[in-house]
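These notes concern the structure reproduced below.
Only the coordinates and a few stated rules stand behind these numbers; no lab work does. Fair warning: this is a prediction, and the values are worked out from it, not measured in the lab. Cβ coordinates were reconstructed from backbone atoms using ideal geometry, including for glycine residues, and neighbour counts include every protein chain displayed.
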């Protein structure tokens with residue numbers, strides 16, 4: 001039993017992959033301890049060629065057995081897997097295990113490649129060496145894929161036959177990029193050619209009126225439906241009738257629109273079929289005889305075979321199929337191509353080894369565990385780029401195929417998410433990403449806001465927010481959230497109050513205007529001007545005074561309450577109010593922030609994530625980086641911010657005024673009784689006599705000064 005080591009990050013315990021022994025023992029690791037059980041190959045920041053090698057069944061998903069198979073493939077060919085952690089695009093030949101058949105074959109292939117490249121003395125091989133050899137091999141006329149193209153042979157006749165196969169049966173892409181034919185396409189072509197030629201040969205027996213049969217049958221088809229209607233007895237007529245059989249005129253008394261077709265039919269079909277020189281009419285029996293005459297030809301046309309090769313022509317097809325020689329040459333060429341499949345397979349093995357050397361450990365650190373996610377210096381394979389918006393760089397962006405389906409699952413992550421539509425006008429490309437916001441504020445983010453997205457290759461895209469899944473991103477935001485709600489509520493109530501007053505005033509003015517207009521239309525008899533309504537004015541002023549008085553009384557009561565308390569109680573009361581309002585929001589936000597799970601977002605992307613992927617506050621700040629001024633940067637004074645000194649002065653006066661008010665209420669310096677100790681020394685002075693009489697005898701030592709003694 002292998003002794004595994006684990007690491008813990010953001011409450012997520014995962015297995016460590018530190019050396020070759022860890023990789024070799026992966027087949028023993030319980031699958032329940034793997035972080036990912038399946039991953040989609042779409043939208044990843046990873047080498048596509050390596051993904052194709054890992055996805056052995058080509059279904060677009062990489063599962064645990066496929067990852068284990070990749071590790072075991074490397075293990076069977078190398079002495080140990082320690083060199084994989086270097087993640088280099090080269091392999092030292094000394095690392096290959098030549099004690100196994102797989103290792104010997106790989107070493108031999110590597111040496112052959114180096115020999116062709118003129119590096120017979122090299123001690124290591126690079127991915128560029130293998131890729132160059134593979135490209136040269138794929139460009140050869142025969143490259144082991146079982147597909148031959150017109151360029152695969154120097155025989156012009158065979159080349160023409162292959163071109164005809166591709167044109168008739170459809171081509172198959174060759175590794176070199178050209179369209180060619182494989183064994184299935186070749187067999188289908190020659191089978192269709194033989195069937196078509198056999199069908200053509202049977203056509204001589206179906207030519208019932210000689211060379212004019214095709215034209216006669218074509219003329220019959222033009223009018224067949226109409227003539228059938230003419231000779232068909234309606235179903236509602238008696239079965240027996242004494243009327244003679246109807247006769248259909250063919251050259252006279254025919255509707256002008258059909259006259260030409262009927263005359264052509266009479267000349268090309270009726271006359272030859274009935275053996276007459278000229279046909280001017282047609283009876284029911286004649287019509288049956290004509291159709292019976294052309295029946296063999298109709299049956300022959302219905303049995304037509306080899307339609308795909310008809311365009312080649314009967315003469316050319318006969319040349320291709322003569323004696324089976326051409327088919328044998330094409331089949332032989334395909335077999336020669338297939339004979340190189342082993343050599344190509346060896347090149348694929350060389351490519352697999354080099355690509356795994358570069359990328360396999362990176363994939364394992366994003367699959368077996370999520371070490372790259374929890375390492376601020378590494379990038380996870382599912383990160384697609386960086387979104388710049390609202391003075392922030394959002395590094396945690398996921399590829400999205402369907403916004404609706406993705407959002408339905410991703411919102412369970414409890415993260416603040418932005419869905420952005422990306423476009424590149426230069427190329428006409430469009431795509432969609434989901435960005436996770438983990439720092440800053442959510443208030444400035446809204447649908448329709450523009451930003452810029454940089455993909456992994458450095459290409460810039462125009463980004464427009466399509467949807468925002470809101471969630472708090474920091475404790476600071478949670479602290480101020482209740483106060484923002486209180487402020488919004490007060491502002492809304494004030495707005496409603498002012499709006500109602502404004503509406504009432506506008507309505508009153510409108511009523512007065514209407515009354516004035518009506519009075520102007522029918523002027524009343526002259527009357528003395530009314531005296532000003534003093535009661536109404538007084539009432540309004542009184543109401544205003546009552547409102548101001550109530551507000552002042554409330555403020556005075558609050559000031560009196562605060563002023564009657566010691567300073568520490570005032571501070572404690574203010575702190576208590578702040579805590580009562582903000583603490584519940586902060587506590588709830590703390591639990592929500594701890595529960596943020598990137599695994600839910602990956603599941604929405606098509607991954608099968610086996611464990612929650614929580615992240616800490618510190619890691620969150622690496623995912624979203626707000627703008628910061630460079631260290632030592634100097635900020636010039638705003639030339640339009642004039643008169644700012646009065647704000648500071650007003651604030652200072654306000655603070656000093658409050659301090660003096662509290663000192664006066666507590667009878668502390670500078671409001672102590674004259675000649676007597678201050679309130680801090682427990683000296684009592686009444687409000688009626690704020691100053692003590694300095695001329696009177698001092699009280700006995702230790703005896704407190706009372707009101708009576710003062711009098």
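Observations on the model:
- Two-site FRET efficiency, residue 52 against residue 610, from Cβ-Cβ distance with R₀ of 22 Å, rounded to 0.05: 0.35
- Note on residue 502 and residue 581: the model spin-label points, each 7 Å out from Cα along the C-beta direction, lie 2.7 nm apart.
- C-alpha center-to-center spacing [region 62-139, region 566-588] in angstrom: 67
- In plain terms, the residue of 475, 338, 17 with the fewest other Cβ atoms within 10 Å comes first and the most crowded comes last, giving 475, 338, 17.
- Rounded FRET efficiency, nearest 0.05, which uses the C-beta distance separating residue 635 from residue 466 and R0 of 35 Å: 0.50
- You can think of it this way: the chain between residue 449 and residue 375 has 23.5 nm of extra reach, that is 0.36 nm per residue less the Cα-Cα gap.
- Exposure proxy order (Cβ contacts within 10 Å, fewest to most) of 388, 217: 388, 217
- Approximate spin-label separation residue 261-residue 491, in nm, with each point projected 7 Å along Cα-to-Cβ: 7.9
- Multiplying the residue separation of residue 343 and residue 138 by 0.36 nm and subtracting their alpha-carbon distance yields 72.7 nm.
- Linear extension gain, residue 19 paired with residue 479, 0.36 nm per residue minus alpha-carbon span: 161.0 nm
- Two-site FRET efficiency, residue 252 against residue 228, from Cβ-Cβ distance with R₀ of 22 Å, rounded to 0.05: 0.55
- Ranked list, fewest to most other Cβ atoms within 10 Å of each Cβ, for 434, 494, 605: 494, 605, 434
- Estimated inter-spin distance, residue 277 and residue 205, nm [label 7 Å along Cα→Cβ]: 3.5
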